[in-house]
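The values are calculated or read from the model by the stated rules, or taken from the named source; none is laboratory data. Please read these numbers as outputs of a predicted model, since none were measured by experiment. Every residue, glycine as well, gets a Cβ built from its backbone with ideal geometry; the counts of neighbours run over all protein chains shown.
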Amino acid sequence: MVSTASVVCEKAGLVNAWGVDSNAACSGFLYALTLGAGLVESGRYKNVIVVGADKNSSIINYEDRNTCILFGDGAGAVLLEQTTEEVGIMDNVFKTDGSGREHLIVLAGGSQTPSSIDTVNNKLNYISQNGKVVFKAAIEGMSDTCNTLLNRNELRVDEINWLIPHQANLRIINAVGEKLGLTDTQVKVNIQRYGNTTAATIPLCLWDYKNDFKAGDNMILTAFGAGFSWGATYLRWTKLRG
């Protein structure tokens, strides 16, 4: 019953703050990033911490080679704050298609199908995935939303310094980069280190490559996940404080 946000606040000593969970699977960090940015942009809050975290090992069937080799555990966080400069989160495009939920799902363990002896014995408490459907939908969804951002903001491909994609699968990442016309050097990849940490992949990627980013760099962050949920965010980087 206790939210992960409450645990984070307690462990971080945030006694004068409030926290709330947001769940959108692999797209969760991007969705929460937009919600947090909206709170800052409204002027009601000066600082917001957005955390992407998942413990996938607790819902992985290690006898299912279609899923167990893909997922990992991880967490990453960013701090959002007010600025008077033309930097930060510039635009977003998000989509949801609930008809795709059956293709990437944990069938039991929630309110619709609570855990029981039967669900455990039938291995329904683990992730199940229709890989071919998810693969195609992920490439199309991330590519389309990225292109929408480019067109809407009148950005050429050569004006994009970095693509920070959700680290779902290297073939998906490469396909999205190719469809957008980006070079391998423009696309950041760290899936070989952590696997697919779902909501944590993008903030982990930002952390791993932070030394490559320069003030004013144009970035596209994009993700696709269960739900189906997907989208992209246009971000103009600013140098870190300190």
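Does Glu140 meet the test of being without any contact (Cβ under 8 Å) to a residue 12 or more places away in the chain and within 26 Å of Leu221 (Cα to Cα)?
Taking the combined requirement at face value, the residue satisfies it.
Among (1) more than 22 Å from Asn196 (Cα to Cα); (2) within 18 Å of the chain's Cα centre (by Cα), there is one condition Gly141 misses while meeting the rest; what is its number?
(1)
Listed here are the residues, each with its yes/no results for (1) part of a helix (DSSP H, G or I); (2) at pLDDT 95 or above; (3) farther than 18 Å from Ala24 by Cα.
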| residue | (1), (2), (3) |
| --- | --- |
| Ala138 | yes, yes, no |
| Asp144 | yes, yes, yes |
| Leu150 | yes, yes, yes |
| Glu154 | no, yes, yes |
| Asn174 | yes, yes, yes |
| Ala199 | yes, yes, no |
| Gly216 | no, no, yes |
| Ile220 | no, yes, yes |
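Any residue that is closer than 30 Å to Trp237 by Cβ and of a type outside the set (A, V, I, L, M, F, W, C) - is there at least one of those in the range 94-101?
Scanning the range 94-101 turns up at least one residue that is closer than 30 Å to Trp237 by Cβ and of a type outside the set (A, V, I, L, M, F, W, C).
Here are Val189, Val176: which of them is over 22 Å from Asp73 (Cα atoms) and touching a residue at least 12 places away in the same chain (Cβ under 8 Å)?
Among Val189, Val176, only Val176 is over 22 Å from Asp73 (Cα atoms) and touching a residue at least 12 places away in the same chain (Cβ under 8 Å).
Just to be sure before I move on: is Thr119 at pLDDT 95 or above, polar (S, T, N, Q), within 23 Å of Ser22 (Cβ to Cβ) and not in a strand (DSSP E or B) in the structure I sent?
no
Within the range 202-235, track down each residue that is in contact (Cβ under 8 Å) with a residue 24 or more places away in the chain and among the acidic types (Asp, Glu).
Asp212, Asp217 - these are the residues of the range 202-235 that are in contact (Cβ under 8 Å) with a residue 24 or more places away in the chain and among the acidic types (Asp, Glu).
Which of the strands (runs of 3 or more DSSP E) found entirely inside the range 22-108 contain at least 1 residues meeting this: of a type in the set (Phe, Trp, Tyr) and closer than 21 Å to Ile202 by Cα?
88-96
Has the range 161-172 got any residue that is over 25 Å from Leu104 (Cα atoms) and of a type outside the set (Ser, Thr, Tyr)?
Yes: the range 161-172 contains one or more residues that are over 25 Å from Leu104 (Cα atoms) and of a type outside the set (Ser, Thr, Tyr).
Let's see how each residue does on (1) small (Gly, Ala, Ser); (2) without any contact (Cβ under 8 Å) to a residue 12 or more places away in the chain; (3) loosely packed, with under 14 Cβ neighbours inside 10 Å:
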{"position": "Asn61", "(1), (2), (3)": "no, no, no"}
{"position": "Gly72", "(1), (2), (3)": "yes, no, no"}
{"position": "Gly76", "(1), (2), (3)": "yes, no, no"}
{"position": "Glu81", "(1), (2), (3)": "no, no, yes"}
{"position": "Glu86", "(1), (2), (3)": "no, no, yes"}
{"position": "His103", "(1), (2), (3)": "no, no, no"}
{"position": "Asp118", "(1), (2), (3)": "no, yes, yes"}
{"position": "Lys136", "(1), (2), (3)": "no, yes, yes"}
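So which residues in the range 28-59 are within 17 Å of the chain's Cα centre (by Cα) and either closer than 29 Å to Leu124 by Cβ or of a type in the set (S, T, N, Q) (or both)?
Hits for the range 28-59 are Gly28, Phe29, Leu30, Tyr31, Ala32, Thr34, Val51, Gly52, Ala53, Asp54, Lys55, Asn56.
Scanning for something over 20 Å from Asn169 (Cβ atoms), modelled with pLDDT of 95 or more and under 15 Å from the mean Cα position of the chain (by Cα), does the range 68-75 turn up at least one residue?
For the range 68-75, residues over 20 Å from Asn169 (Cβ atoms), modelled with pLDDT of 95 or more and under 15 Å from the mean Cα position of the chain (by Cα): present.
Quick check on my filter: what residues within the range 1-22 are over 18 Å from Gly52 (Cβ atoms) and of a type in the set (Val, Ile, Thr)?
Matches in the range 1-22: Val2, Val15.
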